[in-house]
Amino acid sequence: MLKKLFGKKPLRKVRLVGTEHEFEVGRNETVLESALKAGLAYPHDCTVGTCGTCRSRLVAGKVDAITPFGYTLSRAELEGGYILACQAVPESDLEIEVDLAGPAATKTAARLVATEDLTHDIKRVIWQCDAPVHYRAGQYMNVTWPGAPGPRSYSFSAAPDEVGQTRVSTFIRKVPGGAFTERLFGEDLTGLEFEIEAPHGGFWLRDGDGPILLIAGGSGLSPLISVLEDAVARGVRRDALLLFGGRAERDLYCLDQIDEISRRWLGRFDFRPVLSEERAEGRRSGMVTDEVPAAIEWLGGSAQLQGYLCGPPGMIDAGVAALVATGVGLGEIHYDKFTDASSRST
Ligand SMILES: Cc1cc2nc3c(=O)[nH]c(=O)nc-3n(C[C@H](O)[C@H](O)[C@H](O)COP(=O)(O)OP(=O)(O)OC[C@H]3O[C@@H](n4cnc5c(N)ncnc54)[C@H](O)[C@@H]3O)c2cc1C
Ligand code: FES
């Protein structure tokens, strides 16, 4: 299969639309590999076609896929011309649209200094780093520790400092059978040395005047709190609605923090928790993504609306489909799927 894909292909050129960047794709390389060799901060994480971070829009040209894009991208995304750069081998010269991630990631040693229970299965985790970490609100870090089977990705949960910061935090959900999270929830890891590599990802608030719909599930609230607190600090004046999906009342958290964001938000702001397995007075029940049409109506319609989604892959897929069905353009939808080792094996 790989021989058929890479074979004796001529070198192909890739132009990144709307930028001055152009690079050649080597004979045995994917679009992502060549972009990284050219020194571009092309968004990526897993590099094996499961996380969706390298999602890009093919504007012109033809690519072949090492693994079918449809394992990770929705039908609407495929129809909209989206590809996964880490799995794409050019069949012709290409024009691609992608938001480059900004400065390249750097590494620092860091010590885990505190944890706080947010719910029965989510903790806030704080690291003290040797060197300042720079990121945009919404981005994530890769974390490793001595003997780690591989890096784990965690989205920053606080608004960044312009000068970088040596104290970083995230929200981490316990994954049953997970190598790192079982340890985190079973032992006191305070003082343990880690290595943090950041920034990663292309998830941040885009410029615009239209309304913002944010959808989180579980620990997916982490980057959305970062995005919202950063927007408050920068004085962003747009209407925003935050949908949060949990199973039951005990899954809701950061309510005081969201209240404070709501108080300081300059446009209209609404927060709608949705419980899928429990009925509680004054709470919406059902799947969080079923609330998308009502949320868009409250925001004044889908024109110029941007969608930001974070959390489990199933919720993202349903959320993207609901946004598209309500008329939101795929180019206005941004997400980070919290994939883990179990997603990678499917
Ligand atoms: C861009 C991005 C951002 C993320 N941000 C966050 C965040 O902010 N907060 C958060 O909580 N999580 C986040 N995640 C998920 C996080 O990176 C980890 O995947 C998660 O914490 C699980 O790590 P773990 O070591 O506990 O589990 P792992 O050891 O990776 O295992 C995960 C699950 O897979 C199973 N498993 C392990 N190996 C296999 C195998 N070979 N085949 C099948 N199943 C297997 C395990 O039993 C377990 O159920 C993010 C992921 C991505 C991609
Ligand atoms: S980097 Fe391409 S899908 Fe994860």
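Secondary-structure-derived ellipticity at 222 nm for the chain, considering helices only, amounts to -5500 deg cm²/dmol, per-run term -39500 (n - 2.57) for DSSP H runs with n ≥ 4. Considering only His21, His44, His334, the Gaussian network model of the chain with Cα springs below 10 Å gives its largest mean-square fluctuation to His21. Rolling a 1.4 Å probe over the protein heavy atoms leaves Asp45 with an accessible area of roughly 40 Å².
Would you mind getting me the FRET efficiency between Arg183 and Ser342? Use the beta-carbon distance for r and R0 = 22 Å, nearest 0.05. Given R0 = 22 Å and the Cβ-Cβ separation, E is 0.80. Please compute the net charge surrounding Arg167, taking Lys and Arg as +1 and Asp and Glu as -1 over other residues with Cβ under 13 Å from its Cβ. With Lys, Arg at +1 and Asp, Glu at -1, the net is 0. Could you tell me what percent of the accessible area of segment 106-200 is made up of carbon and sulfur, with a 1.4 Å probe and every protein chain present? The computed percentage sits at 46. Taking every alpha-carbon pair under 8 Å whose residues sit at least 6 apart, segment 212-344 reaches a relative contact order of 28 percent.
Directionally averaged projected area (segment 212-344, Cα convex hull): 8.1 nm².
As a fraction of the 1.4 Å probe accessible area of segment 2-97, surface on carbon and sulfur atoms comes out at 49 percent. Of the cross-linked pairs Lys62/Lys107; Lys13/Lys107; Lys13/Lys337; Lys174/Lys337; Lys37/Lys62, those separated by over 28 Å at the C-alpha level are Lys62/Lys107; Lys13/Lys107; Lys13/Lys337. Each Cα pair under 8 Å and six or more residues apart adds its sequence gap; the mean of these over the residue count of the chain is a relative contact order of 14 percent.
Largest first, the residues Arg272, Arg75 sort by 1.4 Å accessible area into Arg75, Arg272. Restricting attention to the chain, close to 60% of DSSP beta bridges with both partner residues there are antiparallel. Sorted largest first, the spans of the alpha carbon positions of segment 128-169 along the three principal axes are 33, 21, 12 Å.
Over the chain, one equal point on each Cα, no solvent: what is log10 I(q)/I(0) by the Debye formula at q = 0.16 Å⁻¹? With no solvent term, the Cα-only Debye profile gives -1.51.
Note: segment 106-200, Cα convex hull, 90 Å³ per residue. For the chain, the solvent-accessible area of protein heavy atoms averages 45 Å² per residue (probe radius 1.4 Å; ligands and nucleic acids excluded). The residues packed around Val17, meaning those with a beta-carbon under 9 Å from its beta-carbon, carry a net charge of 0 if Lys and Arg are +1 and Asp and Glu are -1. For the pair Leu192 and Asp130, the difference between a 0.36 nm per residue extended length and the Cα-Cα distance amounts to 21.0 nm. Between the alpha-carbon centres of segment 167-186 and segment 282-335 there is a gap of 28 Å.
If R0 is taken as 45 Å, the Cβ-Cβ distance between Glu277 and Leu11 corresponds to a FRET efficiency of 0.25. Suppose we look only past 18 Å in the calculated P(r) of segment 2-97. What percent of the Cα-Cα pairs does that tail hold? Here the tail beyond 18 Å accounts for 38 percent of pairs.
In this simple spin-label model, placing a label point 7 Å from the Cα along the Cα-to-Cβ direction at both Glu22 and Val59 gives a separation of 1.3 nm.
GNM on the chain, alpha-carbon springs under 10 angstrom: the most fluctuating residue among Glu187, Glu22, Glu116 is Glu187.
The values are calculated or read from the model by the stated rules, or taken from the named source; none is laboratory data. What you see is a predicted model; the values in this text were computed from it and never measured. Counting neighbours? That spans all protein chains shown, and the Cβs are built from the backbone with ideal geometry, glycine included. The protein model used for the area step is the full one, side chains on, heavy atoms only, and it has no ligands, DNA or RNA in it. Shrake-Rupley method; radii C 1.70, N 1.55, O 1.52, S 1.80 Å.
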